[in-house]
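Note sheet for the following structure.
What follows is calculated from the coordinates using simple rules that are stated; it is not laboratory data. All figures in this text were calculated on a predicted structure; none of them were measured in a lab. Quick reminder, even Gly has a Cβ in these numbers, built from the backbone with ideal geometry, and neighbours come from all protein chains shown.
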């Protein structure tokens, strides 16, 4: 049997390190050229604009490229879309990707077109999407709050991501009630909650409990904490589909300091 | 011409390595922006210079005591106190005073933190004032490179020692910090100097005194110095484990006595701010760092800004120094360091690290507090391991603020490079040994025909190709393993903080992994010409994380027009602005929301990116663009 002499191991080790050094050097030299250029982005943007329809969602993959995407297509991505509650309502998704990235928004549905543009790839994905029968954020002016408290529609930051939401603050000693008297429901009511602002989440630890009343039916939402992020709950409202009912949200916190409770909700069919 | 001996040649190589470091850093520092902290240290350094200037005046006028009155001291030295001691800041101030090209009496006169009395007479080495401030930090980086070579040379052949020195500097994150007027590479250099002196003190009492003096200087550089004794004590106790086995206490060595005595003395002597109330102010300084707030820092997709509460997050947080090291040090360096670690671990007691290296055989029969390593093997493997793991482990404690990332454990990096040098030397030696040796008269004289050993005149014959290969192989290998580190470092500049290695996938890979990209607003510099050109809108410029001191320095350097404005901080700053920038860090997301709401658009005018990864965004009010279009 032929044994592995120390000399062979040494040669093998040296060769392996030398090969690693060569590969690392080549990658360092070549990798910068693999990044998309401005021309790639311009061409990708032109491709999207050719087929874009109002109501389409445009996303970057990986998501960290989103600011560059908005340089080129930001006029088609208003704050309501960029800071969306989730992507369910969008029947068509344009995904501009690089380096083999895939977006969560582009995972379901059928790919209708797929084109490589330089170092970018543009895919159009179509998928079934619900109709939104009532958008609680867009309709925030219809809401009443008691006792009188801050209630505003705002781009909030929850878990370092931006969301268009309605923001209010719990108060000591009792619930804050936000009521939408005329919400037209669908089959599902999707509700998302979270605490706004990194610094507020750092400064305080209080939790917020929320209970949703759909007509007379009460649904407890998950507790909102510093670490719970943007938590979505889907409530079956088949029984109320097509009806206009009052929807009330009661929030409480034993430690309300610096708790910027934010929520978004959509009734969907 | 007189041939250099081994020591002379080593000194020459050390000098050339240091020169290489200075030239490389000076050649590129101008492309790297000025961060929040650096701008403050420049300001403080200049203010400290003001005290010396006034002291000179008081001496001339015969009342030097005025400069030592508490009010006078505090007027200058309370700047950036109790945050940091002043050794480096004083050097930054002195360097600025000595080496800037003076235009201080011109329009930027009002941007100085102390009154400008007249044109400064200087040796105008540097066109930019910021370079003059940075020069001492660059010299400290060069000193570190030379020290690594010097230390490594006791263990390793010249080529491997030189490679260790190059690999110390050729790390993107360390290189970033090596050129700026901060303290992180200076304290890494001092930590290495203290470790080096301690190591030498184990067999030479003179270095014991030097250890204390260097430790005292370190205490004046940055508070990381507090940790140095712990790592050294653990090594010392391990090295003298025979004493424990013999049930006797190891003697307190001179090095530690020297550190105990000279450390505090030098610390209190060097910092005038302490003099008014040494105990109270020293306590304030210590508390400042023991109770330091947790800034925001992104690691593996999560934002860390406070001590973790859950066990899972604590564990995740604890991995940060190790994962960050694994993702930022060039991979070839890491591979060699791992091999070096194995070599050090397998070394037999008493044997040198490499066959031609310094012996670890005891040189005395009995221990002495003056030479406490003379009668034992000094445990070089344990020394390197502790100096490497000590800083990393400290930052792995979940309650330690995580902000700053790699800069907080840079002291480990020279030892990783040293270990890489050990690995390289072992590979080189084994490789040479494995080469065919049939005609090598040095390795195998009996197999070489007699006629080829000496010619008729008694001269050695010219070396054969194989002999040349044998000699050139270690040098070539050293060059080859340094190549990726140098290329990777060059690639990373000037955004070394956002750069990640081959394992992580470069800038893009780091972003996908959710690793920190930058901090403290340095990365705006490449955008300055564009911002400067956008007059008059730039009169209402929102600077986000670029602090006024940095803006002042950009103006003093001539990189920004004096008319460029600063609308202040936060939401109100954006409301007042016409243009604004935003740095991409996870915790700044809220600021982008303000831009969207206040400017009414999600569309940036421009994004400064590295290899496709956003670093800084420029927003402009849409009405400006519309007006420009109408024009």
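Tell me, what are the semi-axes, in whole angstrom and largest first, of the equivalent ellipsoid of chain A as set by the roots of 5 times the Cα gyration tensor eigenvalues?
Values: eigenvalues 422, 136, 61 Å².
Largest first, chain A gives 46, 26, 17 Å.
Placing R0 at 60 angstrom, the Cβ-Cβ distance between residue A:127 and residue B:345 gives a FRET efficiency of 0.60 after rounding to 0.05. Roughly how many nanometres apart are two label points built 7 Å out from the Cα toward the Cβ at residue B:248 and residue B:472? For residue B:248 paired with residue B:472, the spin-label model returns 5.6 nm.
In percent, how large is the relative contact order of region A:132-268, given Cα pairs closer than 8 Å and 6 or more residues apart?
Numbers: 362 pairs, mean separation 51.7, N = 137.
Across region A:132-268, relative contact order equals 38 percent.
Scaled against the 2.2 N^0.38 Å expected of a compact globular protein of N residues, the Cα radius of gyration of region A:34-126 reads 0.96.
Any idea what angle helix B:184-201 forms with the longest principal axis of chain B, computed on alpha-carbon atoms, 0 to 90 degrees, nearest 10? Around 30 degrees separate the two axes.
For region A:132-268, the alpha-carbon coordinates run over 43, 30, 24 Å along the three principal axes, in decreasing order.
Over region A:34-126, what relative contact order in percent results from Cα pairs under 8 Å that are six or more residues apart? Intermediate values should be presented prior to the final figure.
On the way: 137 pairs, mean separation 33.4, N = 93.
Across region A:34-126, relative contact order equals 36 percent.
Between residue B:204 and residue B:288, residue separation times 0.36 nm minus the direct Cα-Cα distance comes to 26.5 nm.
Going from the alpha-carbon gyration tensor of chain B, what semi-axes, largest first and in whole Å, does one get by taking the root of 5 times each eigenvalue? Before the final figure, lay out the partial values.
Working: eigenvalues 425, 191, 130 Å².
For chain B, the ellipsoid semi-axes come out as 46, 31, 26 Å.
Rounded to the nearest 5, the antiparallel percentage of DSSP beta bridges internal to the protein assembly as shown is 90%. Counting only alpha carbon atoms, the long axis of helix B:278-290 and the longest principal axis of chain B meet at about 90°. Using all pairs of distinct alpha-carbon atoms, the Kirkwood hydrodynamic radius of region B:326-405 works out to 15.2 angstrom. When the helices of chain A are scored as -39500 (n - 2.57) per DSSP H run of n ≥ 4 and the total is divided over every residue, the value at 222 nm lands at -6500 deg cm²/dmol.
Radius of gyration over Kirkwood radius for the protein assembly as shown, both on Cα atoms: the Rg/Rh ratio is 1.03. Compared with the dominant principal axis of the Cα atoms in chain A, helix A:38-51 is inclined by about 50°.
Can you tell me the alpha carbon radius of gyration of region B:522-630 divided by the globular rule-of-thumb value 2.2 N^0.38 Å?
Working: Rg = 13.1 Å, N = 109, 2.2 N^0.38 = 13.1 Å.
Normalised Rg, Cα atoms only: 1.00.
Measuring between their Cα centroids, region B:370-399 and region A:27-42 lie 44 Å from each other.
I'd like the FRET efficiency for residue B:227 and residue B:310, computed as 1/(1 + (r/R0)^6) with the beta carbon distance as r and R0 of 30 Å, rounded to 0.05. Intermediate values should be presented prior to the final figure.
On the way: r = 27 Å, r/R0 = 0.91.
FRET efficiency, residue B:227 to residue B:310: 0.65.
Region A:48-115 and region B:561-576 have Cα centres lying 33 Å from one another.
Rounded to the nearest 500, the helix-only mean residue ellipticity at 222 nm of chain B stands at -17500 deg cm²/dmol, with each DSSP H run of n ≥ 4 adding -39,500 (n - 2.57).
Just report the Cα centroid separation between region B:1-49 and region B:78-93, whole Å. Computed from Cα coordinates, the inter-centre distance equals 20 Å. The order of B:84, B:223, B:539, going from fewest to most other C-beta atoms within 10 Å of their C-beta, is B:539, B:223, B:84.
How high is the relative contact order of chain B? Use alpha-carbon pairs under 8 Å, at least six apart in sequence, and give a whole percent. Taking the mean separation of contacting Cα pairs over the length of chain B, I get 17 percent.
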